[in-house]
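A.B. asks: Here you go, one structure.
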Amino acid sequence: MARKPKSAVAAAMEEAPAATPSETDDAARLTGPDFLYREFKMLENGLHYRKDNTLKWVCSPFQIQAETRDESGNWGVQLTWRNRDGESQSEVIERQLFAGDCKEVRLRLAAGGLTQAGDAWSRQKLAEYLNLVKSSRRARCVQTTGWHVVRDKRVFVLPELVIGVAEEKVILHSNGKDRAPFNQRGTLKSWSESVGIFSSLNSRLVFSVSIAFAGPLLDLVGEDGGGWNLKGQSRTGKTTALRVAASVWGGNPLQGAAAFIRTWRATGNGLEGIATQHSDVALFLDEMGSVDAKELGDISYMLANGSGKSRAGRDGSARAAATWRLLFLSTGEVGLQDKNAEARLNTKAGQQVRLIDVQADAGAGFGLYDNLHENPSADKFADELRQACRENYGTAGVAWLEWIVERLQRDPEFPLHVRGKIEGFVSGWLRDMPDAGGQVRSVARRYALVAAAGELASEAEITGWQRDEAANALKLMFESWLAARGTSGASEDLQARRQLVDFISRHGAGRFETWHKSVAEKSEDGEAPKDNVPTSDRVKTLNSAGWRRLEGDDYSKSWVYYLTDAGMKDALQGLDFWPAVKALCEEGMIIRSPDGKAKVGRSPPGVGKTIKLFMVPASIISRDENPAE
């Protein structure tokens, strides 16, 4: 009886020794249950399973590089394979996904170009293999870019690069394909001689580039995150400044450094994922006008505070929230207050500290630029900058990180040295402002951090700038912010003054009843009072905030407003009420009672008893024309 011919695969198996996973994988020794190696074979054309004495093809070949653990103790497997174009692909698959039908695993592998058999049996066998195979190699999985401590060793992690020495492999694992392009083009020398030199003598460009260098210092010195928004008219040079800053960290061949810039046109949830890809680096966001005005305040808090929303896991338990450390630079024709006004929201002092509006125009007649470096026009200079950013990106950031890591290894006290520079800048800038409030000091420290980064990057021979150039530019930027703010005190105090003045100006006649003597009151000669109040002012006021009365002698009468509690709370809406009242009393915008109380006792007409009211002179309106006084 003739024997049935063997399949080509079976014949090949008899001609060569049985291939175990470890024989096709030079990354690590693979182990697992004994039957795993009897039944599964990884051959040159893919993974097979022995069925009825023949080998059935399951999927294209892949390698298991390592088993991974993340910072929460979750295990995974790092797979590598080649896609249909022969390009190397890598993916970390969480082991918890192997517990079910592995549908999500198959989808992710298919999206990466790994060909798989389409029948249910083969899908089951792929899941079985992945679930049981083990690797002798270990790797640490991290969720964000930036500094991480692995077995007491500090390393800086980028998508394709780990700077520093760790005792085990470190992998940046982030879900999603929209990853930050930390690519490099050109050399450090070409970046310094083009982008670096062109930024010199331009305060806004030095400021922007120094922000890019400041990100890796946040964790070392323990400073908080935060951001700035370059605000100005279209075609001022704002987006070019973003490109110049982004060129420190990356780009791609198609767009140059512009590829590293993100847009505000995203939800808060979307920006969470983006923030984790820029942790300890810097995030650049274009066109603030495109963000939902109602979300901007919450997003600015989220980005600066470095923590996303808490969410439930698949089993309903609390899942660890995404975290990061971040400085960010934004551009827009509008600022934070403009966007909040669009949503009819008050701008909180905390928002203004976390997201600082900066005037993009440098005031030299060239838009954002102070110096055109011998170019005939600002447009020509911008073109030269854009071309430089297309040809040079990513090298300065890597050189900066290597310099920091080498400095830390050589001098463990380096973070103290950086903190000393920051303290020195803050002390010098606030020397003549002993009453500077906590908000001003907080902002000053962030500007000082950026100044220190720019100075140290110059010391590392990266920027091509002269000594003190970054320090001088950041001092100028801080003083410009402080002048626009109008006070070195608490922002809430300034906001309280402005809101009270605005309330009186808008509602002085509409929501305040005119205080006049009633007909029952008689003058000393027994005649009815003559208060010259028009009949129309005796009409009952709707939604009354209080009363207004002409006070003073016959030659200098002026209105005085008496606000009820409800009226004052309406005027100070969105502010912490009693601290705002206290600040207004100290400024003389609310007249205290003789015993020093915030409210005075008065008997308004028609009330019939003495009540407590806030006494506000109309002179505050003309006084607030110069709020800095």
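The values are calculated or read from the model by the stated rules, or taken from the named source; none is laboratory data. None of these values were measured; they are calculated from a predicted model. Here the Cβ is made from the backbone with ideal geometry for all residues, glycine too, and neighbour counts use every protein chain on show.
A.B. asks: If you scan segment 126-162, which residues turn out to be closer than 30 Å to Asp101 by Cβ and touching a His at 6+ places or on another chain (Cβ under 9 Å)?
C.D. replies: Arg140, Cys141, Val142, Gln143
A.B. asks: Restricting attention to segment 119-130, report how many residues are acidic (Asp, Glu) and either at pLDDT 90 or above or farther than 18 Å from Arg38 by Cβ (or both).
C.D. replies: 1
A.B. asks: What number of residues within segment 420-440 are buried (at least 16 other Cβ atoms within 10 Å of the Cβ) and either assigned to a helix (DSSP H, G or I) or not assigned by TED's automatic domain parsing to the domain that holds Ile356 (or both)?
C.D. replies: Residues that pass the stated criteria total 7.
A.B. asks: Continuing with this model, one more query. Could you list, in sequence order, all residues of segment 246-262 that are assigned to a helix (DSSP H, G or I) and either in contact with a strand residue (DSSP E or B) (Cβ under 6 Å, 6 or more places away or on another chain) or among the basic types (Lys, Arg) (or both)?
C.D. replies: If the condition is that a residue be assigned to a helix (DSSP H, G or I) and either in contact with a strand residue (DSSP E or B) (Cβ under 6 Å, 6 or more places away or on another chain) or among the basic types (Lys, Arg) (or both), then Ala246, Ala257, Ala259, Phe260 are the ones that fit.
A.B. asks: Further question on the same structure: Within the set of pairs 6+ apart or on separate chains, which have a first residue in segment 404-424 that is touching a residue at least 40 places away in the same chain (Cβ under 8 Å), a second that is part of a helix (DSSP H, G or I) and small (Gly, Ala, Ser), and C-beta atoms under 9 Å apart?
C.D. replies: As it stands, the answer is Val418/Ala452; Val418/Ala453; Arg419/Ala452; Ile422/Ala448; Ile422/Ala451; Ile422/Ala452, since those pairs meet every condition given.
A.B. asks: Ala180 fails exactly one of the following numbered conditions: (1) at pLDDT 95 or above; (2) not in a helix (DSSP H, G or I). What is the number of that condition?
C.D. replies: The failed condition is (1).
A.B. asks: Now for a different question. Please verify whether Leu188 is within 20 Å of the chain's Cα centre (by Cα) and at negative phi, treating the condition exactly as stated.
C.D. replies: no
A.B. asks: I'm trying to understand the selection: among the residues of segment 131-156, which are under 30 Å from His48 (Cα atoms), hydrophobic (A, V, I, L, M, F, W, C) and modelled with pLDDT under 90?
C.D. replies: Within segment 131-156, Leu132, Val133 meet the criteria.
A.B. asks: I'd like to check something: does segment 516-536 contain any residue that is at pLDDT 50 or above, out of contact with any strand residue (DSSP E or B) (no Cβ under 6 Å at 6 or more places or on another chain), more than 22 Å from Leu584 (Cβ to Cβ) and not basic (Lys, Arg)?
C.D. replies: Yes, some residue in segment 516-536 is at pLDDT 50 or above, out of contact with any strand residue (DSSP E or B) (no Cβ under 6 Å at 6 or more places or on another chain), more than 22 Å from Leu584 (Cβ to Cβ) and not basic (Lys, Arg).
A.B. asks: Quick check on Arg623: is it surrounded by fewer than 17 Cβ atoms within 10 Å (Cβ to Cβ) and at pLDDT 85 or above?
C.D. replies: It is false that Arg623 is surrounded by fewer than 17 Cβ atoms within 10 Å (Cβ to Cβ) and at pLDDT 85 or above.
A.B. asks: Which one is surrounded by the fewest Cβ atoms within 10 Å (Cβ to Cβ) among residues in segment 256-273 that are closer than 23 Å to Gly394 by Cβ and without any contact (Cβ under 8 Å) to a residue 40 or more places away in the chain?
C.D. replies: Thr263
This table checks each residue for (1) buried (at least 17 other Cβ atoms within 10 Å of the Cβ); (2) of a type in the set (Gly, Ala, Ser); (3) modelled with pLDDT under 80.
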{"residue": "Glu14", "(1), (2), (3)": "no, no, yes"}
{"residue": "Gln63", "(1), (2), (3)": "yes, no, no"}
{"residue": "Asn74", "(1), (2), (3)": "no, no, no"}
{"residue": "Arg82", "(1), (2), (3)": "no, no, no"}
{"residue": "Glu87", "(1), (2), (3)": "no, no, no"}
{"residue": "Ser90", "(1), (2), (3)": "no, yes, no"}
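A.B. asks: Evaluate segment 379-386: report whether one residue or more is at pLDDT 95 or above, under 25 Å from Gly464 (Cα atoms) and assigned to a strand (DSSP E or B).
C.D. replies: Scanning segment 379-386, I find no residue that is at pLDDT 95 or above, under 25 Å from Gly464 (Cα atoms) and assigned to a strand (DSSP E or B), so the answer is no.
A.B. asks: Sort through Arg123, Arg140 and tell me the only one that's buried (at least 17 other Cβ atoms within 10 Å of the Cβ) and assigned to a helix (DSSP H, G or I).
C.D. replies: On inspection, the qualifying residue turns out to be Arg123.
A.B. asks: While we're looking at this one, here's another question. List every residue pair whose Cβ atoms sit under 8 Å apart, with the two residues 6 or more apart in sequence or on different chains, where the first one lies in segment 284-311 and is under 19 Å from Thr236 (Cβ atoms) and assigned to a helix (DSSP H, G or I) and the second, anywhere, is small (Gly, Ala, Ser) and modelled with pLDDT under 90.
C.D. replies: As it stands, the answer is Met288/Gly335, since those pairs meet every condition given.
A.B. asks: Could I ask something else about it? For residues that are crowded, with 22+ Cβ neighbours inside 10 Å, of a type in the set (Val, Ile, Thr) and in contact (Cβ under 8 Å) with a residue 24 or more places away in the chain, tally how many sit in segment 143-177.
C.D. replies: So the answer is 2.
A.B. asks: If you check Ala388, Ala399, Ala321, which single one turns out to be exposed (fewer than 14 other Cβ atoms within 10 Å of the Cβ), farther than 30 Å from Leu482 by Cβ and of a type in the set (A, V, I, L, M)?
C.D. replies: Ala321
A.B. asks: While we're looking at this one, here's another question. Which of the residues belonging to segment 432-475 are modelled with pLDDT under 95 and in contact with a strand residue (DSSP E or B) (Cβ under 8 Å, 6 or more places away or on another chain)?
C.D. replies: Within segment 432-475, Val443 is the sole residue that qualifies.
A.B. asks: Check segment 93-108 and report whether any residue there is at pLDDT 90 or above and among the small types (Gly, Ala, Ser).
C.D. replies: For segment 93-108, residues at pLDDT 90 or above and among the small types (Gly, Ala, Ser): absent.
A.B. asks: Let me ask you something else. What do you reckon, is Ser22 modelled with pLDDT under 90 and touching a strand residue (DSSP E or B) at 6+ places or on another chain (Cβ under 8 Å)?
C.D. replies: Answer is yes for this residue.
A.B. asks: Tell me whether segment 328-338 contains one or more residues that are modelled with pLDDT under 90, surrounded by 21 or more Cβ atoms within 10 Å (Cβ to Cβ) and out of contact with any Pro (no Cβ under 6 Å at 6 or more places or on another chain).
C.D. replies: The answer is yes; a qualifying residue exists.
A.B. asks: Restricting attention to segment 46-83, and to residues there that are outside any strand (DSSP E or B) and touching a residue at least 12 places away in the same chain (Cβ under 8 Å), which single residue is nearest to Lys169 (Cα to Cα)?
C.D. replies: The extreme case among them is Glu71.
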